[in-house]
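Bear in mind that the values in this text are calculations on the coordinates, not laboratory data. As the structure is a computational prediction, the values presented were derived from the model and not from experiment. Here the Cβ positions follow ideal geometry from the backbone for every residue, glycine too, while neighbour counts run over all protein chains shown.
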Amino acid sequence: MEKFRIHGGRRLEGTVRVSGAKNAALPAMAAALLTSEPVHLRNVPRVRDIVTMGKLLAHMEAQVEMSPATPDAVSIRAERVSHAEAPYELVKTMRASVLTLGPLVARTGYARVSLPGGCAIGARPIDLHIQALEKLGAEISTEHGYVEARAQRLRGARLLFDKITVTGTENAMMAAALAEGESLLENAAREPEISDLAALLNAMGARVEGAGTSTVRIRGVPALHGATHTIIPDRIEAGTLLVAGAITGGELLLTHCEPAHLTAVIEKLEQSGIVIRAEAKGLRVHNGGPLAAVDVTTEEYPGFATDMQAQYMALMTQAAGTSVITETIFENRFLHAQEMVRMGGQIVVEGRRAVVRGPARLSGASVQASDLRASASLVLAALVAEGETIIDRVYHLDRGYERLEQKLGALGARIERVN
């Protein structure tokens, strides 16, 4: 099993390119199932989840091209969908596999997708996905760990989500794109990844309006065609790199990022004393002096992203004072806290709140990653810890960060991947 070995204490300096957003690329790949024509995607990060989605689409007998010569490009042609099924063997490693449910039933009239199962950070049920498809006219049954959906042709409907769901919104959008009539999605997710999917769908001939707001209107069309689309930058990777520059007392220039997607994160970092300014080539970040403790509460977009909570905790271990981090999205997303405590962090978890007192003198230790963002937070803590840190189970990190150790190494970090 691969691990990271990190020797802390190095300032990070230089220029780093932000990769494309995994959470935008995955639904875009699933959307390719809606047409028999080729869909060409650019700025796709070559991370584990993307490879898994490629394998899943190939299992359905779509043609998937990921050329080493152009590693950020993926071309998909689902001329025929012979196996409209997402088996457990693939779904268990990547929850985003459920995004194939809507496109499959809309295009072929049938889908069989394994229930994704448990998740380390908390319950992530797909009830809202199923309810949305039922309102669109699909007949749903659940047995033997699989969801089966059938429909002659989906019909437009008004969908009011009881709770904001990003993947549920995306699944409903893709299904409604081929439904007969008009669909109205209310209390829809507003993340930039939703707008990115809508841009791809419209390029394929769909009629989607209002993406990025809480109300999305979709007028169904009989068929979609191929398209070429460039994936948006990864706002979570960008936020992680902003913290990396600040926590090490360095100075970084982030290129190929979108500051408008980072408003809530930038606001909190600036409140803590970090200097961030937009330049023609990207975002520049440096530590403006001693860090100050600032409370944060995670919220749905455009609030502070839950996917940045763990990285922010690492930053707050180095801030003067007491900060309270409140997690409102997932009920079990403080698994990284105990690992930081082993490194010397002064953190007390009280239900959905974590109280962090700093600045703490972190020291290298052997720690274990529990999920994707926890992995990133431990890397950040290790960058400022004295001595050597070994981070186990970095396969979690490989799901969503493209060559992170190479990017950090090029900026001056002492980090290597070892067996």
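In the structure shown, the pairs K92/K163; K163/K281; K281/K407; K163/K407 are assessed against 26 Å; a Cα-Cα span above that value is assigned to K163/K281; K163/K407.
Residue separation of A320 and S366 scaled by 0.36 nm, minus their Cα-Cα distance, works out to 14.0 nm of gained length.
When only Cα pairs below 8 angstrom with a gap of at least 6 residues are kept, the chain shows a relative contact order of 21 percent.
To the nearest ten degrees, helix 192-203 and the longest principal axis of the Cα atoms of the chain are 30 degrees apart.
Overall form of the range 152-310: prolate. Here a/c, set by the Cα gyration tensor axes a ≥ b ≥ c, is 1.5 or more, and a/b is the larger of a/b and b/c.
Overall form of the range 98-204: oblate. Here a/c, set by the Cα gyration tensor axes a ≥ b ≥ c, is 1.5 or more, and a/b is not larger than b/c. The ellipsoid that matches the Cα gyration tensor of the range 22-230 has semi-axes, each √(5λ) in whole angstrom, of 22, 20, 17, with the longest given first.
Once the Cα atoms are used to define both axes, helix 235-247 deviates from the longest principal axis of the chain by about 0 degrees.
Relative protection proxy for 309-318, 284-293, from highest mean packing down: 309-318, 284-293 (other beta-carbon atoms within 10 angstrom).
Beta bridges from DSSP with both residues in the chain: antiparallel share about 70 percent, rounded to the nearest 5. What shape does the range 284-405 have by the C-alpha gyration tensor, where a ≥ b ≥ c are the square roots of the eigenvalues, rounded means a/c under 1.5, and otherwise prolate means a/b greater than b/c and oblate the rest? It comes out rounded by the Cα gyration axes.
Using equal-weight Cα scatterers in the Debye expression, the normalised intensity of the range 258-324 in log10 at q = 0.17, 0.19, 0.24, 0.27 Å⁻¹ is -0.60, -0.75, -1.12, -1.29.
Taking the longest Cα principal axis of the chain as reference, the axis of helix 22-31 is set at about 10 degrees.
DSSP bridge analysis restricted to the range 335-400 gives an antiparallel fraction near 55%, rounded to the nearest 5. The trypsin sites (Lys or Arg not before Pro) of the range 48-80 that meet both conditions, a loop assignment by DSSP and at most 15 other Cβ atoms within 10 Å of the site Cβ, are R80.
Between the range 287-355 and the range 146-201, the C-alpha centres lie 33 angstrom from each other.
Taking N as the residue count of the range 1-67, its C-alpha radius of gyration divided by 2.2 N^0.38 Å amounts to 1.51. Bridges between two residues of the range 22-230, per DSSP, are antiparallel at a rate of about 70%. Remark: S97, S195, S183 ranked as S195, S97, S183, counting other beta-carbon atoms within 10 Å and listing the fewest first.
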